[in-house]
Every structure is written in C-alpha cells, then in structure tokens.
Amino acid sequence: MIMQEISKAVVEGKAPVVEELIKRALDEGYSPGELIQKGLIAGMAVVGERFKKNEFYVPEVLIAARAMKAGLAALEPLLSEHELEPVATLIIGTVQGDLHDIGKNLVAMMFEGAGFKVIDLGIDVKPSQFVEAIETYKPEIVALSALLTTTMPAMAETVDTLKISGLREQVKVIVGGAPVTDSYASKIGADGYAHDASSAVDKARELLEID
C-alpha cells in the first residue's frame, strides 16, 4: 500500500509527501531498491504514459520529477550501502551550436525516473566532448538533442566523430528535438529517434533489449 502512496504522490508532484512516505517506509523495513523501483520509478512510469497521451504537459512532468528527486534525496545516504545498480548509463547533451536545454532536461529527468544513470553534458556540446565522456563513463547509450535546423548537422558530425574514434559500435545513439525526424536519424546513422521524452526512454529500452 505504501508503494502505491509513494507512486501516487510522485504523479501528483507532492515532494514533501514523497519524502515523508519514503522515510516512513524505511522505518517499516522496506529496502531502498524496492522504494525506487516500486515507488518512485513506478510513479514516473505513470507520468511518462500520461505525457505520451497528452494528459500531462511539461509543467506537470517537471513537478513530478522534482517529487521523485526529493524521494531519491531521502534515500541517498543509504544507496551507496546497497549499491543499487542502474538500468544502464546514458550520456545526454544538446549538440554544438545549440543553447536550448528544456527538452533535453526533460528527457534526462525521464531517464532518471526510469532508473538510468544519467550523465548530462549540458548545451553546446562538441563532438569531442561526447567522445571524452564515452571514454570516461562507458555508457550504453548516447542521446543527442537539437532544437534548431541549423544545428542538426552537428548531430551528423557527432555520429561521424564517434565512428572515427572507434567508439560507434560501443554505444547506441538516439536523437531528438523539434526539427529532427526518424528519416534524419536513419540518414546520419543514429540507432533511433524519439519525438518526446517518454518515447526516448521506450526507444532506449528497445535498443538495449531491456524489459
């Protein structure tokens, strides 16, 4: 029952309630892993579905993500003890020349909510920075964002740089952003395209064959 309460509080974006419920559940003997998977992540999964169906919009998702982060913060002191394994590691960034980050931030939050370890490189990320990050963090997946038609070529350049660096086969690459299309993703050699944050998580799970 308490798992459902946590999940519901995440969906409703009630950060103080999530924090309080997490502490209560810990006192009752629930493990951090259970609380993350069956409470916080389950709640964000509902948020993702509602976002996909246009029942939730960006503000609701951001509020829910804030509630989820409050829950994670309450669990943080215990997480290192339990060594909770992330689903996978994702590197995300807005490509070189593009300074937009709202969509990228939303995607990052959705991935965190789905149990991924997220390395956010920020905005205006050069191809070489993606290469360095892959070498450092050894992710399974890389997400490239662009909001301007003029910065879309930087996506192609990044994919090409990964090939030249010999890293392309080590990661799955997904792309997204307002002007980006599925056909453009295929054209530049990306593994997949997602038109919104929730779909990006679905695509990543599909590419990595995660149930």
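Per-structure values
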read-out: Average accessible surface area per residue within the chain, 1.4 Å rolling probe, Å²; value: 49 Å²
read-out: Karplus 3J(HN,Hα) series, Hz, for region 41-50 with 6.51 cos²θ - 1.76 cosθ + 1.60 (x for Gly, Pro); value: 5, 4, x, 5, 5, 5, 4, x, 5, 5
read-out: Translational diffusion of region 89-208, µm² s⁻¹ [Kirkwood Rh, Cα pairs; Stokes-Einstein; 37 °C; 0.692 mPa s]; value: 242 µm²/s
read-out: Per-residue HN-Hα couplings for region 108-118 [Karplus 6.51, -1.76, 1.60; θ = phi - 60°; Hz; x = Gly/Pro]; value: 4, 5, 4, 5, 4, x, 9, x, 7, 7, 10
read-out: Listed residues Phe51, Pro77, Val18: farthest to the positive end of the dipole of region 2-84 (Cβ charges); value: Phe51
read-out: P(r), alpha carbons of the chain - 5 Å bins starting at zero, rounded %; value: 1, 8, 16, 19, 18, 14, 11, 7, 4, 2, 0
read-out: Low-density loop cleavage sites - chymotrypsin sites (Phe, Trp or Tyr not before Pro) in region 1-108, where at most 14 other Cβ are within 10 Å (DSSP); value: Tyr57
read-out: Low-density loop cleavage sites - GluC sites (Glu not before Pro) in region 7-75, where at most 14 other Cβ are within 10 Å (DSSP); value: Glu28, Glu55
read-out: The chain - percent of accessible surface contributed by carbon and sulfur, probe 1.4 Å; value: 52 percent
read-out: Pair-distance profile P(r), taking every C-alpha pair of region 5-114, with 5 angstrom steps and integer %; value: 2, 13, 23, 22, 18, 12, 7, 3, 1, 0, 0
read-out: The chain: relative contact order as a whole-number percent, Cα under 8 Å and 6+ apart; value: 18 percent
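The values are calculated or read from the model by the stated rules, or taken from the named source; none is laboratory data. Every value quoted in this text rests on a predicted model; they were computed, and no experiment measured them. Virtual Cβ from ideal backbone geometry, glycine too; neighbours counted across all protein chains shown. Accessible surface areas use protein heavy atoms only, side chains included; no ligands, DNA or RNA. Shrake-Rupley method; radii C 1.70, N 1.55, O 1.52, S 1.80 Å.
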